[in-house]
Amino acid sequence: MTLRNRIQQALKQERGIRLSAAEVQGIASALRIDFPVTRPRIARRSKPSSTKTPIEGHVRWMIHQDLKDVLAIDVAATCSPWCKEDYQSRLSQRNVVAMVIELPRAGRRKPVVVGSMVYQLHKQHVELERIFIEPEYQLRSFGRQLISELRSRLTRERRTRIKVTVEESNLRLLLFFQAVGFSAVESSGGRIVMEHWWNDAPSPFRDIEKRQRSRSTRSPREDRDQEGDNRIGV
């Protein structure tokens, strides 16, 4: 009996051959022998996972009584948490703002703080210094709601973008910022600078700013030459 016949017989009997399914399929394909592979069915969930069900939170200014909860969440959610002195030092500076997001009230229960962010207002942009959500309440859109609140600080005329610096090793945070509309603009020293513009389209505004800077630094002679070129072109 030829090797082809032996393999064909073994495949038909589905016994007497000790090969993996991939190896068997490869041999059968090479010899042009029909050998259908039955793939196991993957059970599909009838409804989305409860861990990803969005919950509408309440975003408000951080007060002194929130500091204890914020410190505990910071330790649980981040690799390098701030201490009490860090928060006091940052919040004592001008234009530095801290906000928290809390679960809505349920009956007589008090609202529960589940996340926080710290940012600084500059003349032309908002610098996001810290954002985190308690691990138990992550993937519930609380982070997106904080970013949405931050977007409301942007305007076309004044502060046009949000800027944040993320450690290159913090893949989860990088993916989060990418998911909410941030783009990487610079990378150095193991840190990545990401930006989000008020209309989700930073490129046109960067080009406009470059043109404005080039015009402001152009000499009057260059302007006359440019005008002359335009007249010749017409």
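Put simply, of ARG90, ARG108 the only residue that is of a type outside the set (Val, Ile, Thr) and under 20 Å from ASN170 (Cβ atoms) is ARG90.
Provide a single number: the residues in the range 137-158 that are surrounded by fewer than 17 Cβ atoms within 10 Å (Cβ to Cβ) and either part of a loop (DSSP other than H, G, I, E, B) or in contact with a Gly (Cβ under 9 Å, 6 or more places away or on another chain) (or both). Summing the residues that are surrounded by fewer than 17 Cβ atoms within 10 Å (Cβ to Cβ) and either part of a loop (DSSP other than H, G, I, E, B) or in contact with a Gly (Cβ under 9 Å, 6 or more places away or on another chain) (or both) in the range 137-158 gives 8.
Taken together, the values in this text are just the output of simple stated rules run on the coordinates, not laboratory data. Model, not experiment: these values are computed from the prediction. Heads up, the Cβs are rebuilt from the backbone with ideal geometry, glycines too, and the neighbour counts pull from every protein chain shown.
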